[in-house]
Structures are given as structure tokens and as C-alpha cells.
Amino acid sequence: VVLITSDPHRADHLGCAPHGAGVQTPTLDQLAADGVRFTNATSVSSITNPSHAAIFTGMHVRDTGIVGNLVPLAERARTLAEEFRAAGWRTFAAVSARHLTPWRSGFGQGFAKFDAPEKEMTRDGNETIAKARGMLADADEHDVFLWLHLFEAHAPYEAQEGCTELYYTGDPYSSDLPELQEPVRPVWNKRVRDESYLRALYKGEISYLDQNLGRFFDAVPRVRE
């Protein structure tokens, strides 16, 4: 069982989404076509840790009391990973944001192996996927529950070669454009003048994530199956 969380991924930024934003996500689209796609689902929070606490416990934010990224999940909580581990499964987690580390988030409960960034606040999804592949390589003969957390859809957005160009080909820094004003102008790129470029960056990050997932599935036949 592989639980993939794309953080924070807008529901309309999927190729298969009704009234979508025109983003290319063939890997995720195929998952939706082969499985079940829920069209009326709402996250309990727009923040990373509260949302994941709800996923892992089945409890609402009002019940967990976790409303931000600095409040850890209490040890008395019963988590999805603990249920799998109690059933004899190998339990692995590879995450892309440092604030999800067990000592800060409390999300290590039930995981035999948990890998997170140590020095940087975040890391590229490819690095996280590589860590996940290493864990899976040691568990070929075992039932496995893997949590794979990817952070490409989170600001600050970066241009991804071959992906950003799908959605933007102009000059976002042209002096012919008026300066963006708050709150549209991002604090991580105050030079940009074209709001559509910011949207293109976001779409490009998601297409990049989708490509990485496709390569992950291809590299690990067990996951592809």
C-alpha cells in the first residue's frame, strides 16, 4: 500500500479533473482511470501537519487539536501506520519537508523507517523517491505500507526544465509590464511582473511531480502493479 500526499495540491490541477486548470498529469490521470477518483472530498485544513494528522488518525482538526505545523501528534493517538505494523507489515515513510520529522510532527508512530530532510527545510521529490526506493529494496518479500510525501506544489515555486515551458513562454520580468502589488507579488520572487508566470510555475511543479512518480512506478514493478 502506497500513500502519496502531494502537498499542497489544488484539486483542479489534475488533467482528469472536471473543469480543470489545464495541467498535464498523465501518471495521476492513469491512476484515476484505473482506480477511483473522489470528486467531492475536502481537506480539513490548508496546512501540512493538521491535514496529515487527519489522514493518519481519521480524526478532524477540532479533535486532534493540531491547527499548525508546530503542534505534534500525541503518542496516545492511534495511527494508520501503527495499524499496518500491528498486522505484521513493514512500514516506511519518506517525506520532503523537515517539519514532518517525527520529533517535530509526532508522525513517526508506527513507522519502522522514517526519512526526512535533516539540514534543508525541504528537498526535491526525486531525492525523497530515491529514499523510498531504498527502503522498498530491502522488503521484497514483505507486505509494505509506504507513505511518500512530495512538496513540489508548495511555494516557493521553481522553474522545472521541460515542464514550466508547457505553460509559459514569455518574459515574466519585462520592464514593459507593471510591477505586481501585494498580496499577488510573492516574497520569494519580488522581481516577477507577470502573474500568469506564477500560475505556470505552479503547474510546472505539478507536471514535474507527475513525471517523477511515473519514473518511480516504472522503476519499481511492485509499485506499478
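Each reported figure results from applying straightforward, stated rules to the coordinates on display, with no laboratory input. Note that this is a predicted model, so its numbers are computed, not measured. Here the Cβ is made from the backbone with ideal geometry for all residues, glycine too, and neighbour counts use every protein chain on show.
Its Cα gyration tensor gives segment 1-101 an equivalent ellipsoid; the semi-axes, largest first and in whole Å, are 26, 18, 13.
Helix 195-219 and the long axis of the chain differ in direction by around 40°, with both axes built from C-alpha atoms.
Counted over segment 113-174 with a bin width of 10 Å, the fraction of Cα pairs per bin, in whole percents, is 16, 39, 25, 15, 5, 1. Given R0 = 41 Å, the distance between the Cβ atoms of Ser46 and Tyr173 translates into a calculated FRET efficiency of 0.90. About its Cα centre, the dipole of segment 159-216 is roughly 160 debye, where the only charges are +1 on Lys and Arg Cβ and -1 on Asp and Glu Cβ.
Based on the reciprocal of the average 1/r between different C-alpha atoms, the Kirkwood radius for segment 121-225 equals 15.8 Å. Sequence-ordered 3J(HN,Hα) estimates for segment 58-64 from the Karplus curve with 6.51, -1.76 and 1.60 and θ = phi - 60° stand at x, 10, 6, 4, 5, 9, 6 Hz, glycine and proline given as x. Less than 5 angstrom separates the built amide H of Thr5 from those of Leu148, His149, Leu150, all sequence-distant by 5 or more or on a different chain. As a ratio to 2.2 N^0.38 Å, the alpha-carbon radius of gyration for segment 1-48 is 1.16. Across Glu158, Glu127, Glu179, mean-square fluctuation computed from a Gaussian network of the chain (C-alpha pairs under 10 Å connected) peaks at Glu179. The angle between the Cα long axis of helix 125-137 and the main principal axis of the chain comes to about 20°, on a 0 to 90 degree scale. Under Stokes-Einstein, with the Kirkwood radius over Cα pairs as Rh, the value for segment 167-225 at 10 °C and 1.306 mPa s is 117 µm²/s.
Placing +1 on the Cβ of every Lys and Arg and -1 on the Cβ of every Asp and Glu, with nothing else charged, gives the chain a dipole about its Cα centre of roughly 620 debye. Annotation: average projected area of the chain is 13.6 square nanometres, based on the convex hull of Cα atoms across all directions. The spacing between segment 161-193 and segment 81-111, judged by their C-alpha centroids, is 38 Å. When DSSP beta bridges are restricted to pairs lying wholly in the chain, around 5% turn out antiparallel.
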